[in-house]
Amino acid sequence: MTTISNPNLLPPVSVSATQRMQHNNAFGGNAVSITYGVGNNGWTSVSGSEIEVWGQGYVDLLARRGSTGLKYTFSGTLEAGVYYLKWSARGRWAEDTTGNPAENEYNVQIADSSGIVNLGVFEANVIEPSEGAENFGMFFELSEPRAISIAFIPTGTGTRGPLVGIDPVLEKVEIEVVQTNYPEGIVGNSDNETSYSERIIADGEIAWITGQPEAANLVARLKCSSLKNWSLSLSIRSERRERNTTDDRDKRFENLEVSSVDITTEECIGGKFTLTVTNLVSQEDVSFLVFPKIEFKVRGRNPMDSVVRAYIDETVGNEFPYAWAIAVKETLASNTIYNQFNSREGNNNYLGKPNYGSPDGWGISQIDGRGQGRTITTAEVYNWQVNIASMLPVLRSKKGEEFSLRKNAAKSFYGNAWIEMPETYELNGYVINVIDLTTIVLYNGAGGCPLYGSYGFPWKIENGVWVFKDNQTGYGAKVCKILSAGTTAYDE
């Protein structure tokens, strides 16, 4: 059994780095090793002693205590980041100077041309060759690009040191994010979203909720084949300050034994996503290392206009056949009609964020939470089908209870001068039921309408007839113009 001492860290020399010695008997994967003795790669003797290569694929770590050991040089310059060094060693019977059994012990140094980066001590018990090799690993961090070498220096009391594997493996610890349902087509124009592909989402780039709607299917991959035990944290923060913390999420993926993990959210949700590797080998606490992280955004693609129109007609339209025109009025943009998300092209600070209208309107229906005394849900903000479904209870309330309440307030105001309201009214060439026209106005708000007590009502008796009095935005007239044209292509 091999044990590991606490790390004996030296002050960094030229390279800001930290490391912790690790011991792991469960390495796996197919890491690419550096070929022994080719060019500037491979083993050299630090003290001038001869190098002995054993047939089992191991290098003799010299026989005498006090030797300066062997050095393995990796050619080229390493990028800044966190690295994992993996090697194997197998012990031999060792004796001290009195002939008694002794443990093997050796230092491992990571160095650049300027000197030692870090130092750690391994304490290895004697292992017979027939028992097989022990696998070892250590992390270290480079704050800037460096060319490095590693040295194995025997320090134990034994007269013979262990054998070190001929091919140490060095890998940079990185994470990669892939969206497996990346929507193709012109960004911002949902009508071109006809296919989906797998695409790497680099740091600072954007993944997309599709127009289906479907959450961005995301996979995080650990690009270090030597490591099979790691943990990951996911942080989601809204890009819309108006949402406060409603759409914030935090999730951890613990003790992963595979190189990739599905991090797709259960719901459609966007925002600023931050993925951070939080642990790599469970035997030691390496939290003081600055482990890799990646930051990217998830935003939304708008659905095809024809699909939205059909969905509104099938769900809300049976009861409110003018609902589609309300949605057009709420979110028509220059290049798309039904916009759950901002559709302005050429502006990455705007494109794909949830479509917001003051004071608290969201999505295609511009559903307003403040008017209902509640907080709009994450699903209503990021899932256009849920957003449209939320129109139904609001329209029912406006057409039923609110219409009756406001009509009764007007009736009380007029007293004996009250006359019955007509059944229909013509506005912008469209004949519409009076209750429906009132419902349309109240959906947007009664501000600017005649007041009866404290209730706004878009009707007034003038010269013995009821006259329509629109709200301050002219909302009823605009929706009727859309209805009259019978098309979503209109000019206010």
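The values are calculated or read from the model by the stated rules, or taken from the named source; none is laboratory data. Computed from a predicted model, the values in this text were never measured in an experiment. When we count neighbours, we look across all protein chains shown, and the Cβ atoms used for this are built from the backbone with ideal geometry, even at glycine.
Tallying residues that are closer than 29 Å to residue 362 by Cβ and crowded, with 16+ Cβ neighbours inside 10 Å within segment 221-239 yields 6.
Would you kindly identify the helices (runs of 4 or more DSSP H) lying entirely within segment 359-419 that contain at least 3 residues that are of a type in the set (Ser, Thr, Tyr)? It would help to see each step written out before you state the result.
Values: elements: 378-382, 384-389, 391-397, 403-414.
Qualifying helices (runs of 4 or more DSSP H): 403-414.
Among the residues of segment 349-381, what is the count of those that are among the hydroxyl-bearing types (Ser, Thr, Tyr) and over 14 Å from residue 242 (Cα atoms)?
Final tally of qualifying residues: 2.
Residue 426 meets all of the listed conditions (1) assigned to a helix (DSSP H, G or I); (2) at pLDDT 95 or above but one, namely (1). Could you tell me whether any residue of segment 153-172 is modelled with pLDDT of 85 or more, part of a loop (DSSP other than H, G, I, E, B), within 34 Å of the chain's Cα centre (by Cα) and surrounded by fewer than 17 Cβ atoms within 10 Å (Cβ to Cβ)? Looking through segment 153-172, none of the residues is modelled with pLDDT of 85 or more, part of a loop (DSSP other than H, G, I, E, B), within 34 Å of the chain's Cα centre (by Cα) and surrounded by fewer than 17 Cβ atoms within 10 Å (Cβ to Cβ).
Residues in segment 435-469 that are assigned to a helix (DSSP H, G or I), in contact with a Cys (Cβ under 8 Å, 6 or more places away or on another chain) and under 21 Å from residue 419 (Cα atoms): 437 only. In the condition set (1) modelled with pLDDT under 90; (2) not in a strand (DSSP E or B), residue 277 is compliant with all but (2). Does residue 349 count as over 27 Å from residue 486 (Cβ atoms) and within 28 Å of the chain's Cα centre (by Cα)? Here the answer is yes, as residue 349 does meet what is asked.
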